[in-house]
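Trainee: I have a structure here, written as structure tokens, and I will follow up with some questions on it.
The values are calculated or read from the model by the stated rules, or taken from the named source; none is laboratory data. None of these values were measured; they are calculated from a predicted model. To get the accessible areas, we keep the full protein, side chains included, count just its heavy atoms, and leave off ligands, DNA and RNA. Shrake-Rupley method; radii C 1.70, N 1.55, O 1.52, S 1.80 Å.
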Amino acid sequence: MVTFTALAVGATGLTIGLLIGSTAIGGVLLAPALVFLTGMDAHQAVALALWCFLWSGPVAAHGFVRRGSVAWRGAAWLHGHFQHLAHGLRRLR
């Protein structure tokens with residue numbers, strides 16, 4: 001039997017997913033919504049939100065690559081700059 005908590009988590013996920021899909025924001029709402037609407041522990045809510053985001057990013061990236069809508073030159077430029085930033089931060093330690 002499906003519990004109320006399972007239904008609340010599903011409804012919360014659907015609502016937050018619609019917000020993210022329609023406005024490109026809303027991910028920051030998932031963990032607090034899970035805490036307040038379901039009574040879930042904050043650590044568990046953050047872990048669940050991160051688990052969901054872990055899968056949605058690569059799936060979306062794969063779709064963009066398949067459609068040919070990735071600007072590879074710009075992506076390479078960003079990657080190079082992030083590498084330099086990471087190297088600089090390591091040197092600061």
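Trainee: Counting only C-alpha contacts under 8 Å and six or more residues apart, can you give the relative contact order of the chain as a whole percent? If you can, show how the numbers build up before the last one.
Mentor: Values: 35 pairs, mean separation 14.8, N = 93.
Once divided by the residue count of the chain, the mean separation gives 16 percent.
Trainee: On the first, second and third principal axes, largest extent first, how far apart are the outermost C-alpha atoms of segment 13-55 in Å?
Mentor: 28, 21, 14
Trainee: Given [x] 1.45; [y] 1.25; [z] 1.55, which label gives Cα Rg over 2.2 N^0.38 Å as computed from the coordinates?
Mentor: The listed entry that was calculated here is [x].
Trainee: Please give the length that would be gained between residue 60 and residue 89 if that part of the chain were fully extended, namely 0.36 nm times their separation in residues minus their C-alpha to C-alpha distance (nm, one decimal). Could you put the intermediate results ahead of the total?
Mentor: Numbers: separation 29, 0.36 × 29 = 10.44 nm, distance 2.94 nm.
Between residue 60 and residue 89, full extension yields 7.5 nm more.
Trainee: Probe 1.4 Å, all protein chains in place: accessible area of residue 35 in Å², nearest 10?
Mentor: Answer for residue 35: close to 40 Å² accessible.
Trainee: Find the accessible area per residue for the chain; the probe is 1.4 Å, ligands and nucleic acids are left out, and the unit is Å².
Mentor: On the way: 7580 Å² over 93 residues.
Value returned for the chain: 82 Å² of accessible area per residue.
Trainee: Leaving ligands, DNA and RNA out of it, report the carbon-plus-sulfur percent of the accessible area of the chain at a 1.4 Å probe.
Mentor: Numbers: 5490 of 7580 Å².
Solvent-exposed carbon and sulfur of the chain make up 72 percent of the total.
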